[in-house]
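Asks: I am attaching a structure below and will ask some questions about it afterwards.
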Amino acid sequence: MHPSPFKGTVAIFYSSHFQEINRDWDSIEEYKGPYHPMLGYYRYKEKDDVLKHLKWIRRAGVDAIVYDCYGMSEWGPNETDMKKDRVLKWIMEALENQEKESRKLKLIIYIEKYDGHASLEEYRSSLGHIREHLANRPYYFRWQNKPMVLLYMNGGKTPALEQLEKETGDFTLRRILAFDGKVNWSYINQWPQPANHEWMSVSPGIDSFMENAYLGKRKGKPLDVSKWNRFDRKDGEYFKKQFLTAREVDPDFIFISGWNDWQYGSQIEPAVEYRFKYVDQAAQMLGREEETKPYRDEH
């Protein structure tokens, strides 16, 4: 029995920090990660890598890319660094020219400051750039009649974020916090998930092994990785279980976490080991196999 076509919006988390740092790929080698990207250890040197990703994302039945404007390494969530982000530029160019695509993607900007809190000035700078260069583009995603922006919350009190929400009326702003299904939108949820008719997240599995090992090493407290329990994806059954839960709730929004978050092990991007398994499983669980056929004609 095939699921009926999902009528809501499906978005997927997309990271481009590989253009600046090699952390994920180094971690796969150092900690013997179980999966390796089919495209190899790309660093976004060529636009073709982005175009290949967009085709595969369409193959999954996704409607919108949640683009992570991250604060990592020497980059921060601000207009200056958004302007030098070549991957964002390539995605904008591709989405501007989708006339020949049967599945036309939308874009949502996600403002994140890794391992910290963005300042009010950083938020204002990022929103200013989005307002000027993205918000009015035909491919930018609007919800509640306003362009949507997601804001990462790193726990604790966030006075800058609270002030931003008070002074910003021209965007639909939503807070993001991992493993939270009550107040904030969650980009990661374990099963069973709390029912949320506005927002549900699905994932093939959350394996934080490499991220915790990396953070421990960076802080001078390396983990004994030999004793760490690895997450078992159960050959796609965990992904299916989460999707079935989300479909039963029938939310406005399903968020797939994520496309290429290799460090947290939550990626569905094709890998040498499982190839297009999770991409095609997403299309099936969304009831969108028929409409995504044109993107399965070749790899």
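We did not get these values from a lab; they are worked out from the coordinates using the rules stated. Small disclaimer: the values here were computed from a predicted structure and weren't measured. All Cβ positions, even for glycine, are placed from backbone atoms using ideal geometry, and neighbour counts span all protein chains on display.
Asks: Find how many whole Å separate the alpha carbon centroid of region 220-298 from the alpha carbon centroid of region 110-168.
Replies: Computed from Cα coordinates, the inter-centre distance equals 27 Å.
Asks: Rounded, prolate or oblate: which fits region 1-106 when a ≥ b ≥ c are the square roots of the eigenvalues of the alpha-carbon gyration tensor, with rounded for a/c under 1.5 and prolate only if a/b beats b/c?
Replies: Working: a/c = 1.90, a/b = 1.29, b/c = 1.47.
Oblate, since a/c reaches 1.5 and b/c is not below a/b.
Asks: To the nearest 20 Debye, how big is the dipole of the chain about its Cα centre, given +1 on the beta carbon of each Lys and Arg and -1 on that of each Asp and Glu?
Replies: Dipole magnitude for the chain comes out near 200 debye.
Asks: I would also like to ask the following. At a Cα cut-off below 20 Å, give the aspartates and glutamates reachable from Lys45, other chains included and same-chain residues fewer than 8 away excluded.
Replies: By straight Cα distance, Lys45 reaches Glu20, Asp24, Asp26, Asp68, Glu74, Asp81, Asp85, Glu93, Asp261, Glu269.
Asks: Would you mind calculating the gained length between Glu291 and Tyr41 on full extension (0.36 nm times residue separation, minus the Cα-Cα distance), in nm to one decimal?
Replies: 87.0 nm
Asks: Under 28 Å from the Cα of Lys146, which lysines turn up, not counting those fewer than eight places away in the same chain?
Replies: Lys7, Lys55, Lys83, Lys84, Lys89, Lys100, Lys104, Lys106, Lys113, Lys157, Lys166, Lys182
Asks: Based only on Cα atoms, what Rg/Rh ratio does the chain have, Rh being taken as Kirkwood's radius?
Replies: That ratio equals 0.93.
Asks: Continuing with this model, one more query. In percent, how large is the relative contact order of region 9-291, given Cα pairs closer than 8 Å and 6 or more residues apart?
Replies: Values: 471 pairs, mean separation 64.3, N = 283.
Averaging sequence separation for qualifying contacts and normalising by length gives 23 percent for region 9-291.
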